[in-house]
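For reference, the structure is listed below as structure tokens.
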């Protein structure tokens, strides 16, 4: 017994499909369908193979859509709405991990989340290499207290496998009402273990500057080197950083270690304002470029300085958890010769996503541009390579993260930090001591810093110099 599979278009598509659809041949056996392409159509398809013909591709999409809708065994899964949503999700997700089609339900929740307070478990995510990777963990959030670490990959949220969810759907599942419990299953690549954590959602306080202090003399010798961490780039970040730097300068600071490790980024405007604390006014610090032929905006410039000229040498600490705005800041300071970058290559997130409404309550999240450093070096997919490579073991990273988590917002403790054994911090201090020791007498403090001489590294440091690109001198500030 044989039967034929035919497509049954809706009345609205009948006229179009009459020209588009070709019949399928009868079944030749259980569970198999065999179709033959007429010679004339085969020649036509071959001629169109290398042509980006929009009509031909829409024709193919419509043909497949109607065939699936008419013949799929479960009609409830083959409605126009479900099939088109699946097609559009695939279209966007195939471009890059950050582009996405949003159904009315997802788009509505995204808009609500953007307009409300930040309620969740305190992690920053990025889709990477087919997995949902935790870029950073809020040190005082529920996830950190439960034991989640940067670099963990989320396998399940509750009973839902993340590989079957879109990125935005995962973000929505992480958010929720304060007091609600969330179960998260993670895989930890550093150790290969899979663990399940339970945590309670809460309202998260957006933090910026922490641990501003003069480092202990056991680390710095006779130099007064300051240290400050920036946890993310928010609206008040530049103001809070300026306050912290003023206090350190008033206490005699002559150099600075600026720690951007595990900083997931934040507001572009805030990043430019932070750069204004270290660079002259109206310095070009980042350019934004769209697709070829697009009219790009002019480079973003640092604002007019509101407070002090800060011309002491500085190092910037980065790692794989330094992403987005952190990479813009470290890349600009490196290209402009203002700072020596120490640590490991950054995350590599330097693209711009725009949310574009697409009708009937839906929207698309689309990558529309990329960021470039002042030297026109791409960030996206590359990251910022430090001038001085300094690595930590997985155990060291866990220990240092737990130290900052457990100290919280307590008074900074330079002695405890000196005993922590943070080799990246020690390498940054060594570089600054070399810069200060070899700076010619009377030289302007804005001279581009250089890595410490190879003859005087700390023997205990697991690091090696790597200068990916020559710095561009910054003119002296007046």
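The values are calculated or read from the model by the stated rules, or taken from the named source; none is laboratory data. Predicted model, so just to flag it, every value in this text is computed and none were measured. Methodologically, a virtual Cβ is constructed for each residue, glycine included, from the backbone with ideal geometry; neighbour enumeration extends over all protein chains shown.
If only one of 284, 339, 294 is in the same structural domain as residue 214 (by TED's automatic domain parsing), surrounded by fewer than 18 Cβ atoms within 10 Å (Cβ to Cβ), modelled with pLDDT of 95 or more and over 30 Å from residue 105 (Cβ atoms), which one is it? Please lay out each step first, then the result.
Working: 339 fails: surrounded by fewer than 18 Cβ atoms within 10 Å (Cβ to Cβ); 294 fails: modelled with pLDDT of 95 or more.
Only one candidate passes the filter, namely 284.
If a residue has to be in contact with a helix residue (DSSP H, G or I) (Cβ under 9 Å, 6 or more places away or on another chain) and either surrounded by fewer than 19 Cβ atoms within 10 Å (Cβ to Cβ) or under 16 Å from residue 122 (Cα atoms) (or both) to count, how many in the range 157-167 make the cut?
First pass over the range 157-167, keeping only residues in contact with a helix residue (DSSP H, G or I) (Cβ under 9 Å, 6 or more places away or on another chain): 157-158, 160, 162, 165-167.
Narrowing further to those that are either surrounded by fewer than 19 Cβ atoms within 10 Å (Cβ to Cβ) or under 16 Å from residue 122 (Cα atoms) (or both): 157-158, 160, 165, 167.
Of the residues in that region, 5 qualify.
Report, by residue number, each residue of the range 235-262 that is in a loop (DSSP other than H, G, I, E, B) and more than 15 Å from residue 277 (Cβ to Cβ).
Initially, the range 235-262 is screened for residues in a loop (DSSP other than H, G, I, E, B), giving 235-236, 251-254, 260-262.
Within the range 235-262, 235, 251, 252, 254, 261, 262 qualify.
Which condition number in (1) at pLDDT 95 or above; (2) more than 17 Å from residue 317 (Cα to Cα); (3) surrounded by 16 or more Cβ atoms within 10 Å (Cβ to Cβ) is the one that residue 446 fails?
(1)
Give the range 127-146 a look and list any residue that's within 20 Å of residue 398 (Cα to Cα), surrounded by fewer than 22 Cβ atoms within 10 Å (Cβ to Cβ) and at pLDDT below 85, or say none.
Listed by number, the list holds a single entry, 140.
Pull up the range 201-228, narrow it to residues that are assigned to a strand (DSSP E or B) and free of Cβ contacts under 8 Å to residues at least 40 places away in the same chain, then point me to the one that is surrounded by the most Cβ atoms within 10 Å (Cβ to Cβ). Full working, then the answer.
Residues of the range 201-228 that are assigned to a strand (DSSP E or B), as a first pass: 202-203, 209-214, 225-228.
Restricting the remaining residues to those that are free of Cβ contacts under 8 Å to residues at least 40 places away in the same chain gives 209, 226, 228.
Working: 209: 19, 226: 25, 228: 21.
Per the stated criteria, the residue is 226.
All but one of (1) in a loop (DSSP other than H, G, I, E, B); (2) free of Cβ contacts under 8 Å to residues at least 24 places away in the same chain hold for residue 280, so report the exception by its number.
So the condition that residue 280 fails would be (2).
Considering the range 71-85 alone, what residues qualify as being farther than 20 Å from residue 355 by Cβ and surrounded by 15 or more Cβ atoms within 10 Å (Cβ to Cβ)? Can you show your working first?
Just the residues of the range 71-85 that are farther than 20 Å from residue 355 by Cβ, to begin with: 71-83.
71, 78, 83, listed by residue number.
Of the residues 323, 332, only one is in a helix (DSSP H, G or I), over 21 Å from residue 249 (Cα atoms) and touching a strand residue (DSSP E or B) at 6+ places or on another chain (Cβ under 8 Å); which? Don't jump to the end; show me each part of the working.
Details: 323 fails: in a helix (DSSP H, G or I).
The conditions single out 332.
Is at least one residue of the range 237-256 in contact (Cβ under 8 Å) with a residue 12 or more places away in the chain, under 17 Å from residue 139 (Cβ atoms) and either under 26 Å from the mean Cα position of the chain (by Cα) or buried (at least 18 other Cβ atoms within 10 Å of the Cβ) (or both)?
Yes: the range 237-256 contains one or more residues that are in contact (Cβ under 8 Å) with a residue 12 or more places away in the chain, under 17 Å from residue 139 (Cβ atoms) and either under 26 Å from the mean Cα position of the chain (by Cα) or buried (at least 18 other Cβ atoms within 10 Å of the Cβ) (or both).
How many residues does the range 154-197 hold that are within 28 Å of residue 108 (Cβ to Cβ) and touching a strand residue (DSSP E or B) at 6+ places or on another chain (Cβ under 9 Å)? Don't jump to the end; show me each part of the working.
Kept after step one, since they are within 28 Å of residue 108 (Cβ to Cβ), are these residues of the range 154-197: 154-185.
Those left that are additionally touching a strand residue (DSSP E or B) at 6+ places or on another chain (Cβ under 9 Å): 154-159, 161-163, 165-171, 173-185.
Matching residues across the range 154-197 total 29.
Among (1) surrounded by 15 or more Cβ atoms within 10 Å (Cβ to Cβ); (2) at pLDDT below 90; (3) over 30 Å from residue 200 (Cα atoms), there is one condition residue 62 misses while meeting the rest; what is its number?
Tallying (1) surrounded by 15 or more Cβ atoms within 10 Å (Cβ to Cβ); (2) at pLDDT below 90; (3) over 30 Å from residue 200 (Cα atoms), residue 62 fails exactly one: (2).
Yes or no, residue by residue, for (1) more than 30 Å from residue 289 (Cα to Cα); (2) assigned to a helix (DSSP H, G or I); (3) not assigned by TED's automatic domain parsing to the domain that holds residue 260:
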| residue | (1), (2), (3) |
| --- | --- |
| 389 | no, no, no |
| 392 | yes, no, no |
| 398 | yes, yes, no |
| 411 | yes, no, no |
| 428 | yes, yes, no |
